[in-house]
Amino acid sequence: MSIEKIAKQMVEKGKGILAADESTGTMEKRLKSVNVECTEKNRLNFRETLFSSSSMKTSISGVILFEETLKQTSNSGIPIPELIKKSGSIPGIKVDKGAKLLSGSDQEKVTEGLDGLRGRMEEYYKLGARFAKWRAVYSISSKHPSEQCIKSNAHALARYAAIVQEANMVPIVEPEVLMDGDHTIDKCYDITSRVLNECYKELEIHNVNLKGTVLKPNMVIHGSNCKQKAKTEEIAKKTLECLKKNMPKEVPGVAFLSGGQSEIEATKNLNEINKINDTSFNFTFSYGRALQQSALKTWAKSMTDIKKVQKVFDHRATMNGASTEAKWNEKLEQSFVA
Ligand code: 5MM
């Protein structure tokens, strides 16, 4: 399949992406929060429970994996990428090596992982991955993000995207303006605009085929410590405005990250964006925490009751699937019976 077709399939209406690509350090934090030991077996068991749930067929277009998971075999003996493909979903792989301190800047980060990437992509393709992900992070404060941080991350994202397409895979471009801080929604709008603008400048310079990419941005939203909380309608309006202003028309769609929003907030905001969407872009989700939080808590308490965990995950995935078509509402949300 061409990368343009894969990219379209990744953002098709009614479905979205499950971001299950937590590196071992992040997974350690997640498992610790529910008092579970972070062993390879536990990481596999939780993830396999999600990947074998029924909503994989109906609401999940793709799954982003960490390298460890891409190479694992499920308890039923099927390699993990095969298990995902069996549901009609596409396996993907996080290929960055994490955000590291940016020399010459004050505590800002640049994402690393370009060295040897070409060789790694060949291996990932053979293992079944058909798309990749690279995440850059930008913090907001009186002096951040700096021009240096915006430019160096955009450059790395573009070089990554070009290498991924060379291997016939779709790059997810993820520039995440973090929610941490007390900034207003308008500040987030300005910074997100600058960041996206620079990313698309670099993607163009590196001859990336935009039709074969997916953008994974933050929503335009207030900082988590801001006293003035923006309402859903304002978040949706400003997010849409910002993307219309900065995204080239060739990009098939957007798969938002949740970035610290609660599960319900992330669903509600996506639903509202789709309600007012007057563009040709598809807007879907690529959530990590906002898809997994409740399922993880349930799993920690009832590890052997796989059906119970899957029911919780299925509900969340179905709710987000509905929000990609602006069909979500409170009544539907409350229809869940444990
Ligand atoms: C699932 O978390 C991803 C991996 O993070 P680390 O490399 O730091 O372990 C992360 O990139 C994720 O894909 C996005 O941030 C979206 O996840 P959220 O939880 O923000 O929806």
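The values are calculated or read from the model by the stated rules, or taken from the named source; none is laboratory data. Nothing here was measured: the structure is a model prediction, and the numbers come from that model. Positions of Cβ are generated from backbone atoms using ideal geometry, with glycine treated the same way; all protein chains shown enter the neighbour counts. Ligands, DNA and RNA are excluded from the accessible area calculation, which covers all protein heavy atoms including side chains. Shrake-Rupley method; radii C 1.70, N 1.55, O 1.52, S 1.80 Å.
For the reader, a short list of remarks on this structure follows.
- Protein-only accessible surface order, largest first, of M1, M121 at 1.4 Å: M1, M121
- Taking a sphere under 12 Å around the Cβ of E176 and counting the other residues whose Cβ falls inside, with K and R at +1 and D and E at -1, yields a net charge of +1.
- Whether segment 296-338 is rounded, prolate or oblate, judged on the alpha carbon gyration tensor where a/c under 1.5 counts as rounded: prolate
- Out of every Cα-Cα pair that segment 172-291 contains, those further apart than 18 angstrom amount to 47 percent.
- Charge-dipole axis of segment 205-338 as Lys and Arg at +1 and Asp and Glu at -1 on Cβ define it, positive-most pick from A230, L240, L210: A230
- Over segment 71-130 - Rg/Rh using Cα atoms and the Kirkwood inverse-distance radius: 1.16
- Where both bridge residues fall in the chain, DSSP classifies roughly 10% of the beta bridges as antiparallel.
- When only Cα pairs below 8 angstrom with a gap of at least 6 residues are kept, segment 1-63 shows a relative contact order of 56 percent.
- The alpha-carbon positions of segment 100-158 define a convex hull whose volume is 83 Å³ per residue.
- When the chain is treated as a Gaussian network with alpha carbon springs shorter than 10 Å, the biggest mean-square fluctuation among E48, E147, E174 belongs to E147.
- Probe 1.4 Å, all protein chains present, accessible-area order of L101, L83, largest first: L101, L83
- Heavy-atom accessible surface of segment 1-155: percent carbon and sulfur, 1.4 Å: 49
- Packing here is the average count of other Cβ atoms within 10 Å per residue, and on that basis the peptides 33-40, 68-75, 52-59, highest first, run 52-59, 68-75, 33-40.
- The H on the amide N of A136, modeled in the peptide plane, is under 5 Å from the matching H of E174, E176, each at least 5 residues off or on a different chain.
- Over the chain, volume per residue of the alpha carbon convex hull, in Å³: 127
- Excluding ligands, DNA and RNA, the accessible surface per residue across the chain is 43 Å² with a 1.4 Å probe.
- Each Cα pair under 8 Å and six or more residues apart adds its separation to the average, and for the chain the resulting relative contact order is 20 percent.
- Table column - 3J(HN,Hα) (Hz), segment 52-60, Karplus curve with 6.51, -1.76, 1.60, x for Gly and Pro: 9, 7, 6, 5, 4, 6, 9, 10, 10
- When only alpha carbons of segment 224-310 are considered, Rg and Dmax amount to 15.9, 49 Å.
- For I60, the amide hydrogen comes within under 5 Å of the amide hydrogens of G16, counting only partners 5 or more places away or on other chains and with H modelled in the peptide plane.
- Percentage relative contact order, segment 192-338, counting C-alpha pairs under 8 Å, at least six apart: 23
- Amide hydrogen neighbours beyond the local backbone of G98, cut-off 5 Å, H modeled: E112
- Taking only the alpha carbons of segment 105-209, we obtain Rg and Dmax values of 14.8, 46 Å in that order.
- Taking only the Cα atoms of segment 1-110, the ratio Rg/Rh comes out at 1.03, with Rh defined as the Kirkwood radius.
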